């Protein structure tokens, strides 16, 4: 009987977290202008980049989440993921204006795992452990190819968010990325 109560408590906690992360994805929907600064460690070299992001909320059963679940080999791909986001971007060097990258990625959530169709430095599907330190702050930890990517995305009101990424290899920090993102268009209907 105690085991059933414990499992019931875990289920309730997971439902709350899934509800919060779904709301986080909903609140992120829209178009964003991102000012980014990357610090290479230990040299301290700095690179400044600006990006335009488009974020689309994905509900359970959306074609993008079904495809993502299939790429990860999850059972029942139509219902495997509760929510997610499709994110596309165009990035430019902030000084020269030279295009740095243009691409997209899909995020989806099942339980306490965030699934991606690609990683920061790989085109292969990856997973991350995630948690919300509060309903406005999503924290991710992704590991692959000997590297660890720790990221925090914090919504500040409705118009701003900050992000920070720390990239480590062999236990040593190699790069820190800091971002200020300003909403330029809101796709949400309120």
Checklist entry - Taking the range 47-88 as the region of interest, what is the percent of Cα-Cα pairs per 10 angstrom bin, listed from the shortest bin to the one with the maximum distance? => result 30, 40, 18, 12, 1
Next on the checklist: What Kirkwood Rh does the range 132-190 have if only Cα atoms enter the pairwise 1/r average? Answer in Å.
Outcome noted: 12.9
Item to check | Residue-span extension gain [residue 48 to residue 156] - 0.36 nm each, minus C-alpha spacing | outcome: 36.7 nm
Next on the checklist: For a quick size check, give me the Cα extents of the range 26-104 along its three principal axes, largest first, whole Å.
Outcome noted: 46, 28, 21
Checklist entry - In which sequence would 74, 185, 58 go, from the one with the fewest C-beta neighbours within 10 Å to the one with the most? => result 185, 74, 58
Next on the checklist: Defining a contact as two alpha carbons under 8 Å apart and six or more residues distant in sequence, what relative contact order in percent does the chain show?
Outcome noted: 20
Checklist outcome for this item: Using alpha carbon centers only, the range 65-92 is separated from the range 106-160 by a whole-angstrom value of 13
Next on the checklist: Can you give me the Rg/Rh ratio for the chain, using Cα atoms for both radii and the Kirkwood formula for Rh?
Outcome noted: 0.99
Checklist outcome for this item: In nm, the gap between the two label points placed 7 Å beyond Cα toward Cβ at residue 60 and residue 185 is 3.1
Item to check | Efficiency of FRET from Cβ geometry, residue 20 and residue 172, R₀ 30 Å, rounded to 0.05 | outcome: 0.35
Next on the checklist: If each DSSP helix of 4+ residues adds -39,500 (n - 2.57) and the sum is divided by the residues in the chain, what number results at 222 nm, nearest 500 deg cm²/dmol?
Outcome noted: -6500 deg cm²/dmol
Checklist outcome for this item: Distance in nm between residue 40 and residue 163 label points, each 7 Å along Cα→Cβ, equals 2.1
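Each value in this text was obtained by applying a stated rule to the coordinates, not by laboratory testing. From a predicted model like this one, the values you see are computed outputs, not experimental measurements. Glycine also receives a Cβ, built like all others from the backbone with ideal geometry; neighbour counts cover every protein chain displayed.
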